[in-house]
Amino acid sequence: MPAERLIESKAQKACRHCRLHKRRCDKRLPKCSRCSAKLIRCDYDDDTPIEAAEPDTKLKWSEPLAIRRDSCGLELTPAGEKQLLWTACQIQEPHYAQVDSKGLMSLVKDIFTYGGTSVEQVSTRYFATAHDWIPVVDESKTKFNLRIMQNNPDVYYNPLALLLLCMLLVNQQPCRHPNHTSNSTLYRTTRRLFALLNTPTSDTFSLAILQAGLLLTTYECGHGMAREASSTLGSCFGLIRQLDMSASQKKATDRHFDDAQESARKLCWGGIVFLDRSIVLSCADGTASLLIPTSGILPQDAVPYMNKDKYAFMNTTVKFRTRAYSALLIGEVIKAVHGDPESADCVEAEKLLHDLVRQHAATSQGESYPVCEGVTMALSAVVSAYKKRAKRLGTGSGDAKLNLDLKFAYNIVFEMCRVEGLIMRKRDGSLNRMCFSGLGCLYRAAVDLDEAYVKGAAPEDFEQLRENLEWFSGHWHIADVLLQRLNRNAELRSKQVFPGFW
């Protein structure tokens, strides 16, 4: 090999990044190996004095870590995905403190800057919108940590960085661009980060990771990814059991132990119950199963914590606890649906539905959100049982009780659809990140009823349901899944009526 081919061009001195972090530099041109591997700028000609630290707001990446999409918000680039996963793997190593790498929090801040947002904007929007119906994150503690993180090491805030990414996901609404799906690079990377960080660590870190996992489950369930949501929620279940065991062990060894996380864990238990039922009751094809079928699996103090207050005059947390308790009761109903739809449990489910309807009707203005959501959850479970019973008895069944049950459920479901149709025309979609669970359960019950009747829903009810689903799909992709199923039902009925045209 000619000698000239072995000569490699090198700079006269180390690059600015290696000098700043006191690392050995191979001085390769145009970029040293260290800067090339980390996708950061490599400057050899900068003679300005090296300071102890560089300005936190100055981006040093050679490639953008994220892009800003006007239609649906921030999306990661391949460089951003690579850096997040590389950093998450590095922080698991024992020598991480000696590695000249940014922590996850600094990296997330840079990603937000590229995406046209900031840590403060992401957290403020979450607490002003989705937190109202999924309040599993402690607002005051989170904001306190955000205020003090400027002067503390990045390693401490890796779980908080994951939590911010999950807040960003829940904040984002879908758009109509064919290439912008809910299964985005940002979502897939965040899910992998959750798996990487979900390792035994301190209770403080584990609680933040648990809260992030619940928000990630919320995103997956709301966008129709029932299988992924069930998997993530299963990880959350294991994590909260570890936290409970850790607290019990500390109480056993130290009688003066003050369990500061007790109420936060109970609230997370409520979140797990609520999401567990929501996954099953809003799953479009009905294939999802319960993670916690009965209350016996829960800690002894979790059920009284959820079942404590009445329906009126409630703040965000108490409202959520009431909603979680309604979901807990409906768990027995879901279990019956997967078994014998005429069992005693199903009868109890019908009683629960009637009781919830009466409570909702008795409210002064009919605006008690937890009760209304409890009604839709109960409706989704009971209608599934009715549909299964009708399918077993066959077309044109003369079962008088079943026909009355179907009619009762039909009237409630489509009356709710008509009311929601009037409300949605007046809503400003930019103001709130609305809850997917109540409407998701309602619309799944409506689609089930459309299938249970041989001729389907009445034409005006069918069109109202389709209009509602088209509007709801602008908030959560689960509506698209239900809309596809509704249109498929209509197509199948058309083939049966006009077989010669197909």
>> Here's a check for you: in the range 301-315, which residue that is loosely packed, with under 14 Cβ neighbours inside 10 Å and of a type outside the set (A, V, I, L, M) is modelled with the lowest pLDDT?
In response: F313
> Has the range 419-426 got any residue that is modelled with pLDDT under 85 and either touching a strand residue (DSSP E or B) at 6+ places or on another chain (Cβ under 7 Å) or assigned to a loop (DSSP other than H, G, I, E, B) (or both)?
Replying inline: yes
> So which residues in the range 243-276 are of a type in the set (A, V, I, L, M, F, W, C) and without any contact (Cβ under 8 Å) to a residue 24 or more places away in the chain?
Replying inline: M245, A252, F257, A260
>> Just to be sure I understand the filter: pairs with C-beta atoms under 7 Å, separated by 6 or more residues or on different chains, first member in the range 134-148 and hydroxyl-bearing (S, T, Y), second member assigned to a helix (DSSP H, G or I) and modelled with pLDDT of 90 or more. Which pairs pass?
In response: T142/S123
>> Of the residues V371, V333, only one is in contact with a His (Cβ under 7 Å, 6 or more places away or on another chain), assigned to a helix (DSSP H, G or I) and either modelled with pLDDT of 75 or more or among the β-branched types (V, I, T) (or both); which?
In response: V371
> Considering only residues of the range 217-262 that are modelled with pLDDT under 85, aliphatic (A, V, I, L, M) and assigned to a helix (DSSP H, G or I), which is surrounded by the most Cβ atoms within 10 Å (Cβ to Cβ)?
Replying inline: A247
>> Report every pair of residues separated by at least 6 positions or lying on different chains whose Cβ atoms are under 6 Å apart, first residue within the range 20-32 and modelled with pLDDT of 85 or more, second part of a helix (DSSP H, G or I).
In response: C25/C18; D26/S33
> Any idea which residue in the range 456-498 is modelled with the lowest pLDDT, counting only those that are among the polar types (S, T, N, Q) and assigned to a helix (DSSP H, G or I)?
Replying inline: Q496
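The values are calculated or read from the model by the stated rules, or taken from the named source; none is laboratory data. Here the structure is a predicted model, which means the values were calculated and not measured. Cβ atoms come from the backbone with ideal geometry, glycine included; neighbour counts cover every protein chain shown.
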